[in-house]
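Chemist: Let me give you the structure first, and then I'll get to my questions.
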Amino acid sequence: MMEERVRGVFMECLGVTRDVVTDQLEYGSIPQWDSVAHMSLIVGLEDEFDIMIETDDVIDLSSFEMAKEIVNKYLQEINE
Amino acid sequence: MSKLFWSEEHLKSLTGTAIITDKSSVSYSDLNDMVRSYQGVLENLNLKGNLAFLPMQSNIESVIKYLACLRASVVPLLLASDLSESLKCNLYDLYTPAISFGSKGLNDIEVNETSRLKDRLPRDLALLLSTSGSTGSPKLVRLSANNLSTNAVAISEFLEIGPDEKAFCTLPLSYSYGLSVLNSHLSSGASVYLSDQTPFNEGYFDTLVGEKISSISGVPFFYQMLFRTGFLDKDLPSLKVMTQAGGKLGDKYVQKFSQYAASEGKKFFVMYGQTEATARISYVPPNTLDDKIGSIGIPIPGGTLSICDHELVYEGPNVMLGYAQVKQDLFMGDIQRQVLRTGDLGTVDGDGFYYITGRIKRFVKLAGSRFGLDELEAGLEDRFSSSFLVAGKDEKLIIASTLPGIEEYGIYEFLQNQFSINRTFVKVVSVDNLPMTANGKKDYSVFRGS
């Protein structure tokens, strides 16, 4: 559920199809995921989940797998 | 003529490290030897006065090729290392260079005998840059050796670059701003760390700290990235100077970085320039920045600015010789005579600080890169066999299309693949008919500022 929403943000911000967004997808590994797209990805995830991503996580969010993990961390903090 | 930063005489006189990359580094003395030996290669091939295509990567080999060309009077067009093959081919067909440098080391050089020039290129022509590197624009800026050396010296003077500086250059060297970082530091005997990293890369801040970087440079988007990655809270004692150019950085960011610099004892330079002026035209002295937010500052040493019919006009020894649109234009001499109508509309305040209020020329800047709107329009029309209207202002491209169903036509994909334009920058508007003016031309004013 959460994974699908994160994937949706990736598809929208990177302009790529569903099959491209795998756990192995990393920052800089495809031309679409450049620094500009990364910025819009961060904003996109913040909007989608209504969270504020901290500065360290902006850099750590360097793969689709990490993105899910980081979003999950924020969602748990909200629930606590 | 002021000191030539590529010359044997100059490089020989310097000590210490010249260029550093993630993989290796080279001293001034070794750099000089390598440039000399590569100059020998070019001279043995008898290429003086000929045109070369030179893709610039962030590595030592690219710097050696570039400097050796300047010494051997080979005229290189600097190309973005990621320029798409089709755009490169267009340029190749138009300018038929005698020399094509590859990107696989120093030996990767191809000489096309049939393209050798019967008449050598004019003596004062030293270098060619594209007006818009990312679209592979065939419109080139013709620069002289004097343009390069005087601008490097002027930059070095107002930034007070000393031999102990170590710049972190993450800008492409095919881009006039990136090239000016290299040139001005070579001119001052300082060190340059070349890299493709961005603040979003994990290693970026490690390099800043570990390498004891003393200056960084970037376009507005670079400062947004720094802000977003917590730069203002980091302790960076060796960092002394930050420079910003390549478009207008939002006032909010200028304020934040100005305050940060003031409280940390660093200098933040907001600057303005154009490839047509080699690179730099003006800068805001850091101690005045707080009062002059939004300004492009005062002219660099040796230059003057004025306003003529609301247009900003720059005069100085770094103004290009002129443009080239086709090969024959390369033989034209100095058309500009040190005067450049910038195409930017401006005003000046009582202290002599200049402000840009608008733009006459048809181009847009996306994350610091300049894109010709007419070229994008022509590219789209060619690819989709349909009429388009491309307008825009900084950081946004507005494309009016009469095609039904934008997604299936792959406009975003085309812009990404052909021009490396991220879809975040693009807004496609579906219209039944393109807006036209009374005399039947496309009406760009409709989308201006939207």
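Chemist: Filter region A:48-67 for residues that are open to solvent by less than 40 Å² (accessible area, probe 1.4 Å), in a loop (DSSP other than H, G, I, E, B) and within 11 Å of chain B (Cβ to nearest Cβ) and give the result. Steps first, please.
Modeler: Taking region A:48-67 and keeping what is open to solvent by less than 40 Å² (accessible area, probe 1.4 Å), we get A:49, A:51, A:53, A:57-59, A:61-64, A:67.
Now restrict to residues that are in a loop (DSSP other than H, G, I, E, B): A:51, A:53, A:61-62.
A:53, A:61, A:62 - these are the residues of region A:48-67 that are open to solvent by less than 40 Å² (accessible area, probe 1.4 Å), in a loop (DSSP other than H, G, I, E, B) and within 11 Å of chain B (Cβ to nearest Cβ).
Chemist: Applying the selection to region B:184-207, what residues are away from chain A (no Cβ under 14 Å), part of a helix (DSSP H, G or I) and of a type in the set (A, V, I, L, M, F, W, C)?
Modeler: B:186
Chemist: Something else now. Among the residues in region B:156-174, are any farther than 25 Å from residue B:195 by Cα, part of a loop (DSSP other than H, G, I, E, B) and open to solvent by less than 30 Å² (accessible area, probe 1.4 Å)?
Modeler: No, every residue in region B:156-174 fails to be farther than 25 Å from residue B:195 by Cα, part of a loop (DSSP other than H, G, I, E, B) and open to solvent by less than 30 Å² (accessible area, probe 1.4 Å).
Chemist: I'd like to know if region B:136-149 contains one or more residues that are part of a strand (DSSP E or B), open to solvent by less than 40 Å² (accessible area, probe 1.4 Å), modelled with pLDDT of 95 or more and farther than 19 Å from residue B:329 by Cβ.
Modeler: No, region B:136-149 has no match at all.
Residue by residue, here is whether (1) surrounded by 18 or more Cβ atoms within 10 Å (Cβ to Cβ); (2) assigned to a loop (DSSP other than H, G, I, E, B); (3) at pLDDT 95 or above holds:
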site: B:209; (1), (2), (3): no, no, yes
site: B:242; (1), (2), (3): yes, no, yes
site: B:261; (1), (2), (3): yes, no, yes
site: B:288; (1), (2), (3): no, no, yes
site: B:295; (1), (2), (3): yes, yes, yes
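Chemist: Could you tell me whether any residue of region B:227-236 is outside any loop (DSSP other than H, G, I, E, B), more than 22 Å from residue B:162 (Cα to Cα), more than 20 Å from the chain's Cα centre (by Cα) and away from chain A (no Cβ under 14 Å)?
Modeler: Within region B:227-236, none of the residues are outside any loop (DSSP other than H, G, I, E, B), more than 22 Å from residue B:162 (Cα to Cα), more than 20 Å from the chain's Cα centre (by Cα) and away from chain A (no Cβ under 14 Å).
Chemist: In region B:339-374, what residues are among the β-branched types (Val, Ile, Thr) and more than 21 Å from residue B:141 (Cβ to Cβ)? Explain how you work it out, then say what you get.
Modeler: At the first step, the residues of region B:339-374 found to be among the β-branched types (Val, Ile, Thr) are B:339, B:342, B:347-348, B:356-357, B:360, B:364.
B:347, B:348, B:357 - these are the residues of region B:339-374 that are among the β-branched types (Val, Ile, Thr) and more than 21 Å from residue B:141 (Cβ to Cβ).
Chemist: Any residue in region B:358-367 that is more than 21 Å from the chain's Cα centre (by Cα) and touching a residue at least 24 places away in the same chain (Cβ under 8 Å)?
Modeler: No, region B:358-367 has no match at all.
Chemist: Under 9 Å between Cβ atoms, at least 6 apart or on separate chains: pull out the pairs that start in region A:11-23 with a residue that is farther than 14 Å from residue B:413 by Cα and end on any residue that is among the charged types (D, E, K, R) and open to solvent by less than 60 Å² (accessible area, probe 1.4 Å).
Modeler: The qualifying pairs are A:18/A:7; A:21/A:7; A:23/A:68.
Chemist: Moving on. So in region B:170-182, with the set limited to residues that are touching a helix residue (DSSP H, G or I) at 6+ places or on another chain (Cβ under 8 Å) and within 18 Å of residue B:244 (Cβ to Cβ), which one is nearest to the other protein chains (Cβ to nearest Cβ)?
Modeler: B:170
Chemist: Tell me whether region B:160-172 contains one or more residues that are under 17 Å from residue B:74 (Cβ atoms), in contact with a Gly (Cβ under 9 Å, 6 or more places away or on another chain) and free of Cβ contacts under 8 Å to residues at least 40 places away in the same chain.
Modeler: no
Chemist: Which of (1) surrounded by 13 or more Cβ atoms within 10 Å (Cβ to Cβ); (2) under 30 Å from the mean Cα position of the chain (by Cα) is the odd one out, the single condition residue B:352 does not satisfy?
Modeler: Result: residue B:352 passes all but (1).
Chemist: Condition (residue is β-branched (Val, Ile, Thr) and surrounded by fewer than 18 Cβ atoms within 10 Å (Cβ to Cβ)) applied to region B:271-285: is it met by at least one residue? Break it down into steps so the answer makes sense when it comes.
Modeler: Residues of region B:271-285 that are β-branched (Val, Ile, Thr), as a first pass: B:275, B:278, B:281, B:284.
Subset that is surrounded by fewer than 18 Cβ atoms within 10 Å (Cβ to Cβ): none.
Looking through region B:271-285, none of the residues is β-branched (Val, Ile, Thr) and surrounded by fewer than 18 Cβ atoms within 10 Å (Cβ to Cβ).
Chemist: Please go through region B:388-408 and give me each residue that is of a type in the set (Gly, Ala, Ser) and surrounded by fewer than 16 Cβ atoms within 10 Å (Cβ to Cβ), ordered by number.
Modeler: The answer is B:405, and nothing else.
Chemist: Something else now. Look through region A:14-47, keep the residues that are charged (D, E, K, R) and surrounded by 15 or more Cβ atoms within 10 Å (Cβ to Cβ), and return whichever of them is nearest to the other protein chains (Cβ to nearest Cβ).
Modeler: The residue in question is A:34.
Chemist: Assess whether residue B:322 counts as being surrounded by fewer than 16 Cβ atoms within 10 Å (Cβ to Cβ) and among the small types (Gly, Ala, Ser).
Modeler: Judged against the criteria, residue B:322 is not a match.
Chemist: Something else about it: If you go through region B:361-373 one residue at a time, do you hit one that is away from chain A (no Cβ under 14 Å) and surrounded by fewer than 18 Cβ atoms within 10 Å (Cβ to Cβ)?
Modeler: The answer is yes, given that some residue of region B:361-373 is away from chain A (no Cβ under 14 Å) and surrounded by fewer than 18 Cβ atoms within 10 Å (Cβ to Cβ).
The values are calculated or read from the model by the stated rules, or taken from the named source; none is laboratory data. Predicted model only: the values in this text are computed from it and were never measured. Reconstructed Cβ throughout: ideal geometry from the backbone, glycine too, with neighbour counts over all protein chains shown. For the accessible areas, the whole protein counts, side chains as well, though only heavy atoms, and no ligand, DNA or RNA atoms are used. Shrake-Rupley method; radii C 1.70, N 1.55, O 1.52, S 1.80 Å.
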